[in-house]
Amino acid sequence: MSTNIKISLALIILFMISVLSLFINKLTTPRYLSAPELLVNGFYQFPNPKNFSNFQIISSNNTILNKDTLMGKWTLIYFGFTRCPAECPVAMSLIKNLYSTLDSKGFNLNDKQALLITIDPENDSPNDVDRYAKAFNKNFIGARGDRPMLLSMATQLNVMVIEPPKDSHSDHTGHLENHSNNILLINPEGKYAGFFRPPFEEEKFLLTYQSVVTPR
């Protein structure tokens, strides 16, 4: 093989490597969106992240979760319940697919977590809700707080939670049907950064999430 042919092949290979590198970089580098762009794509970002008080909720095996659990990680919080017929599985599946996509692109997931908090503490045990969350992803966390703690958290995080009627029985779900369906985002400082609003679109959810959590 002549020297000229070897040089030509080497240049072609270098060109192909460069094109491939640019393609991979485009896939893994998020597009940073402005606040109006985030809003159009379904995410409301607070101009200043909001602080909220400490809390104590319980996951499986009597594991206690509090505000320290949120520190150092981007946390997606969803308020739902294990008997939820439609909205909760859709939202949890969305978060599951987000994590799968980030993992396939090589993103670091060690500083990211997802937390499901039941709005039906009268019927969901800590083990129940944690098992439900882990059915979507083994690293997701499910937890239960007592009714006063749930109402305190929900009020501070602008989540609508309705108490069951005093004469209701365990099969009653009327007070659960109109629960808020937002997915909340807590930043690594443990502050409420914003929320994703339904209707959810997987592509937009991925785009906005990456834009917010990736360092600039």
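I need the calculated FRET efficiency for the pair SER93 and ARG147, taking r as the beta carbon distance and R₀ as 35 Å, to the nearest 0.05. The formula returns an efficiency of 0.80 here. The modelled label-to-label distance for the pair ARG31/ARG216, using points 7 Å beyond Cα in the direction of Cβ, is 1.7 nm. The residues packed around TYR132, meaning those with a beta-carbon under 13 Å from its beta-carbon, carry a net charge of +2 if Lys and Arg are +1 and Asp and Glu are -1. Extending 7 Å from Cα along the Cβ direction at ARG131 and again at GLU202 yields two label points whose distance is 2.8 nm. Non-local lysine pairs in segment 34-213, meaning eight or more places apart or on different chains, with alpha-carbon distances under 20 Å, amount to 23.
Available extension along the chain between ILE64 and ARG83 is 4.5 nm, counting 0.36 nm per residue and deducting the alpha carbon span.
Antiparallel DSSP bridges in segment 34-213: what percent, to the nearest 5? Taking every DSSP beta bridge with both residues in segment 34-213, the antiparallel ones total about 60 percent. Taken about its Cα centre, segment 74-165 carries a charge dipole of about 360 debye when Lys and Arg each add +1 at the Cβ and Asp and Glu each add -1 at the Cβ.
Charged side chains reduced to their Cβ positions (Lys and Arg at +1, Asp and Glu at -1) give segment 65-125 a dipole of some 260 debye around its Cα centre. Protection proxy ranking for 201-211, 51-61, 99-109, 73-83, using the average of other Cβ atoms within 10 Å per residue and placing the highest first: 73-83, 201-211, 51-61, 99-109.
Each value in this text was obtained by applying a stated rule to the coordinates, not by laboratory testing. Since we're looking at a predicted model, the values are computed, not measured. All Cβ positions, even for glycine, are placed from backbone atoms using ideal geometry, and neighbour counts span all protein chains on display.
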